[in-house]
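The values are calculated or read from the model by the stated rules, or taken from the named source; none is laboratory data. Since we're looking at a predicted model, the values are computed, not measured. No Cβ is skipped: glycine too gets one built from the backbone with ideal geometry, and neighbour counts run over all protein chains shown. Just the protein is used for accessible areas: all its heavy atoms, side chains included, with ligands, DNA and RNA removed. Shrake-Rupley method; radii C 1.70, N 1.55, O 1.52, S 1.80 Å.
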Amino acid sequence: NFVPPGYRPLDAGARRMTLMGSKPRAVGEARWSAAELLTPLLACAFALGLVLAAWYTSVIHPHSTVKLVGKLLWKNASVRPPVLLVLTLLGWAGVIRVCRSAGMPLDLVLGGSVQPAGATLRSACVLLALVVGFRAAHVVASETPGLTWRPWLTTNLSLHLVILLAALLPAGLSGASRRSLVSTLVESVIAPFAPVTFWHVIVADYLTSMAKAFSDLQLTACLSPGILAHYGDYYATEHAGYTRSTALWEEHHAACASSRANAVMLALPFWWRLMQCLRVYHDTREVKNLYNALKYSTAFPLVYTGYLRKLEPSAWNDHAFVAAAILQSSYCFVWDVLMDWGLPKCADGLGSRHGSQCKSGFRETRLVFGSKAPYFLLCAFNFSLRFVWTVSVFGGLPGRGYGMFVFEVLEIARRTAWAVFRIEWEVVVKVYSQNAARAIAPEHETMSLKVARDSSSTGLYDTDDTDSAASHP
């Protein structure tokens, strides 16, 4: 059983400390300090300075701030995934921080010691420095006339490769965390042939929010060979027939974006999560896991109708896509509120004890906020981002470039908020409810003994058999 980044199993003493409200020191906490953020932030600032100096002194490209930001963040599918990964790490650092501040025993519900939020923040800053550094290499190289090795594509592909190698290295920055995360990712991919823990669920749900990044990676892999094949055009045609990389990208984009491989990559994270639900159902036989599996299966009609829209544009396919999107968004929103956050809850009132329908109400145990109002705002926030795709369908934002980047960033923001309150509900169910049950059990036992003694004193248990009477308390 693998645990989140930085985990080590807690011993009995640490678990008792967590149950009693004390927080055992997270792994690596003593070795981390805010000063360790200084180096990656300085490297990031230096690289960004190179970018600005090269761009605004350029004699080749126009001094457009919008174009510069686009090159750094959203220009195309080869640019976005590393940036989204940085934002995901920053969001997870925020999740840890909020949960710790709310007094949640993360170590207990996630299975081991969680590394401090600052350590995750440091990893995000190191990755950000890498991203900005490679972007600086691209911008500076682009200002050199006569280069034909296609700097922007080459540097972006190199950045992807460096991130992959850094994740797989056995040692280095946050080595234990990376190994744990990679192990969890592998087990999520091979579901249902691997165990599923709460940490597996969190990671796999994050992958569903990164589904478009998987699609971007497929687009990059599909388009890159065709662009790099023109490597020698500049010399082969004596400087006359060199085709810009942007033009080649646009030339091949439609074929790659409407391919079956792109649709499969978009659907893969949902397939992995579906397999996890079926594995949990196999292990527990709880029917709710089948409904959860059905929720993830609603993504497949959406992906398929989106594929048809690209392959054969028509009003019918547009209507089918909108219908599939409404179904998927509605199901997911209702599940978020009812099951993942447990906000409306059946109260244990007199009605439930007498066999009639119990009264529904708002969950009383709230750890992040004491008031109900922020939770209603959370539901509104989640609803709006679940249906933000309507902005693209009705022409509010383009489906490519900065429009797609905005959608992906909003989804990461939604997933970050979801994770905080999903963990909160897990803590309520696994810690507070169980502790309450253990506290109530002795009280019920004491009451039973008292009733038995009272009944005995009134002759309820009196019989003619002395031995039989003595056997009752």
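Test residue 289 against the stated conditions and say whether it is part of a helix (DSSP H, G or I), open to solvent by less than 50 Å² (accessible area, probe 1.4 Å), at pLDDT below 95 and not β-branched (Val, Ile, Thr). Don't jump to the end; show me each part of the working.
On the way: part of a helix (DSSP H, G or I): yes; open to solvent by less than 50 Å² (accessible area, probe 1.4 Å): yes; at pLDDT below 95: no; not β-branched (Val, Ile, Thr): yes.
For residue 289, the condition - part of a helix (DSSP H, G or I), open to solvent by less than 50 Å² (accessible area, probe 1.4 Å), at pLDDT below 95 and not β-branched (Val, Ile, Thr) - is not met.
Checked against (1) open to solvent by 10 Å² or more (accessible area, probe 1.4 Å); (2) under 18 Å from the mean Cα position of the chain (by Cα), residue 114 passes all but condition (1). Filtering 176, 136 for residues that are more than 17 Å from the chain's Cα centre (by Cα), in contact (Cβ under 8 Å) with a residue 40 or more places away in the chain and open to solvent by less than 40 Å² (accessible area, probe 1.4 Å) leaves a single hit, 136. Within the stretch 118-150, being part of a helix (DSSP H, G or I) and among the polar types (S, T, N, Q) holds for 120, 123, 142. Of the residues in the stretch 189-212, at least one is among the hydrophobic types (A, V, I, L, M, F, W, C), closer than 29 Å to residue 333 by Cβ, touching a Gly at 6+ places or on another chain (Cβ under 7 Å) and surrounded by 19 or more Cβ atoms within 10 Å (Cβ to Cβ).
Taking the conditions (1) modelled with pLDDT of 65 or more; (2) open to solvent by 30 Å² or more (accessible area, probe 1.4 Å) in turn, residue 450 satisfies each one other than (1).
Please verify whether the stretch 314-324 includes one or more residues that are within 25 Å of the chain's Cα centre (by Cα) and among the polar types (S, T, N, Q).
Step one: list which residues in the stretch 314-324 are within 25 Å of the chain's Cα centre (by Cα), which gives 321-322, 324.
The next check asks that each one be among the polar types (S, T, N, Q); those that pass are none.
Checking the stretch 314-324: not a single residue is within 25 Å of the chain's Cα centre (by Cα) and among the polar types (S, T, N, Q).
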